[in-house]
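In what follows, a structure is listed as structure tokens, so that the remarks can point back to it.
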């Protein structure tokens with residue numbers, strides 16, 4: 001077990017976040033063994049293991065804690081389900097980066113990350129002026145002959161890839177946009193340089209597996225779960241941005257506050 005073995009044997013029996021004392025051994029008693037093992041592994045994750053560090057194999061955990069394979073599978077499976085560990089087929093199980101929770105409100109990636117105490121960074125993968133594809137053209141209210149800016153960026157938090165983003169913006173009201181610093185917040189550029197304050201948006205969210213391109217960009221296995229956000233943002237009623245963002249589902253969560261309202265749609269919405 002190498003690194004893990006030495007730390008497990010020396011681990012102080014205290015869970016870092018909760019302050020709860022955690023035994024470094026699994027014992028008989030009223031607390032199920034899989035729950036005891038989960039607490040031990042969680043204490044290590046919260047204490048000193050870095051994201052993407054490997055965890056011991058099922059066989060190693062069975063030998064170290066003298067428990068059954070079923071116990072190990074239950075403990076590790078729960079941590080995977082909770083987003084604390086992740087599996088890579090053929091390679092093993094690894095420590096997941098802490099998830100970042102986002103409130104459902106209109107803000108830029110840069111603002112969102114800074115508000116949560118994370119350091120945002122951006123790499124511009126491409127930026128040009130071209131004809132928009134039909135979905136973006138329709139969302140932005142453009143004619144077939146109208147030009148638009150396409151901006152593709154990789155967004156990171158604390159140096160770790162978080163999202164791949166492709167934005168479309170109308171070029172006519174935003175002359176010279178591509179000459180601005182697109183590693184910064186486009187929302188801020190629109191507000192400060194063009195007087196276009198984005199004040200409302202319509203957004204759709206779904207899940208899909210990472211294709212080869214996004215698996216490489218986001219450093220996740222192929223078909224790893226991603227959260228996809230497609231959003232059209234408006235300034236004083238005029239559509240100014242149509243963006244699709246693919247977020248790592250193991251690093252990003254969405255929090256929504258729901259209120260009971262009359263049901264007027266044909267499908268489930270943000271109501272109780």
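The values are calculated or read from the model by the stated rules, or taken from the named source; none is laboratory data. Because the structure is a prediction, the values reported are computed rather than measured. We place every Cβ from the backbone using ideal geometry, glycine too, and count neighbours over all the protein chains shown.
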For the stretch 68-94, the count of residues that are under 15 Å from the mean Cα position of the chain (by Cα) and touching a residue at least 40 places away in the same chain (Cβ under 8 Å) equals 4
Against the definition (at pLDDT 85 or above and surrounded by 12 or more Cβ atoms within 10 Å (Cβ to Cβ)), how does residue 63 come out, yes or no? yes
So residue 37 fits all but one of (1) surrounded by 15 or more Cβ atoms within 10 Å (Cβ to Cβ); (2) under 28 Å from residue 224 (Cα atoms); (3) touching a residue at least 40 places away in the same chain (Cβ under 8 Å); what number is the exception? (3)
Return a yes/no flag: does the stretch 229-246 have any residue that is touching a helix residue (DSSP H, G or I) at 6+ places or on another chain (Cβ under 9 Å), in a loop (DSSP other than H, G, I, E, B), at pLDDT below 90 and not assigned by TED's automatic domain parsing to the domain that holds residue 52. no
Tally of residues being out of contact with any strand residue (DSSP E or B) (no Cβ under 8 Å at 6 or more places or on another chain) and surrounded by fewer than 16 Cβ atoms within 10 Å (Cβ to Cβ) across the stretch 175-187: 4
With the condition kept exactly as written, say whether any residue in the stretch 69-82 is in a loop (DSSP other than H, G, I, E, B) and either at pLDDT 95 or above or not assigned by TED's automatic domain parsing to the domain that holds residue 220 (or both). yes
Taking residue 175 and the conditions (1) within 23 Å of the chain's Cα centre (by Cα); (2) over 19 Å from residue 245 (Cα atoms), which numbered condition does it fall short on, given that it satisfies the others? (1)
Looking for whichever is at pLDDT 90 or above, in the same structural domain as residue 238 (by TED's automatic domain parsing) and assigned to a loop (DSSP other than H, G, I, E, B) here; the options are 169, 178, 213, 142. Which one fits? 142
Determine whether residue 97 is at pLDDT 70 or above, in a loop (DSSP other than H, G, I, E, B), surrounded by 13 or more Cβ atoms within 10 Å (Cβ to Cβ) and out of contact with any helix residue (DSSP H, G or I) (no Cβ under 7 Å at 6 or more places or on another chain). yes
Just a yes or no: is a residue in the stretch 117-135 in a loop (DSSP other than H, G, I, E, B), over 22 Å from residue 164 (Cβ atoms) and at pLDDT below 80? yes
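Table: residues versus (1) over 24 Å from residue 70 (Cβ atoms); (2) in a loop (DSSP other than H, G, I, E, B); (3) modelled with pLDDT under 50.
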{"position": "4", "(1), (2), (3)": "no, no, no"}
{"position": "17", "(1), (2), (3)": "yes, yes, yes"}
{"position": "31", "(1), (2), (3)": "no, yes, no"}
{"position": "40", "(1), (2), (3)": "no, no, no"}
{"position": "43", "(1), (2), (3)": "no, no, no"}
{"position": "52", "(1), (2), (3)": "yes, yes, no"}
Tell me yes or no: at least one residue of the stretch 152-160 is outside the structural domain of residue 50 (by TED's automatic domain parsing) and outside any strand (DSSP E or B). yes
Return the residue satisfying two criteria in turn: it lies in the stretch 188-223 and is under 16 Å from the mean Cα position of the chain (by Cα) and in contact (Cβ under 8 Å) with a residue 40 or more places away in the chain, and of such residues it is surrounded by the fewest Cβ atoms within 10 Å (Cβ to Cβ). 207
